[in-house]
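Only one structure is covered here, and it is reproduced in the block below.
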């Protein structure tokens, strides 16, 4: 089955984030941003935090997480 098959439903993946890479623990097509809740297609996943095991939709969300956890200025 692929995304072009009739009845295909996107599923949330579960990943383990590493430095510069990730390991798929449960297959899927997207993960959710820890800040906004926005689905992020795996092909577009660029920002994550290894220590907190969180994905971020963009640099703004990554910075918001950085500030939220007391690691930077607002």
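The values are calculated or read from the model by the stated rules, or taken from the named source; none is laboratory data. Only a predicted model underlies this, so the values are computations on that prediction, with no experimental measurement involved. Note that each Cβ is placed from the backbone with ideal geometry, even for glycine, and that neighbours are counted across all protein chains shown.
How many residues are loosely packed, with under 14 Cβ neighbours inside 10 Å and not in a loop (DSSP other than H, G, I, E, B) when one looks only at segment 33-63?
Number satisfying all stated conditions: 5.
Here is a yes/no grid of residues against (1) closer than 10 Å to residue 55 by Cα; (2) at pLDDT 95 or above; (3) touching a strand residue (DSSP E or B) at 6+ places or on another chain (Cβ under 9 Å):
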position	(1), (2), (3)
1	no, no, no
9	no, no, no
15	yes, yes, yes
19	no, yes, no
23	no, yes, yes
26	no, yes, yes
30	no, yes, yes
33	yes, yes, yes
42	no, yes, yes
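Considering only residues that are part of a strand (DSSP E or B) and touching a residue at least 24 places away in the same chain (Cβ under 8 Å), look in segment 12-32 and name the one that is surrounded by the most Cβ atoms within 10 Å (Cβ to Cβ).
Checking each candidate, the answer is 31.
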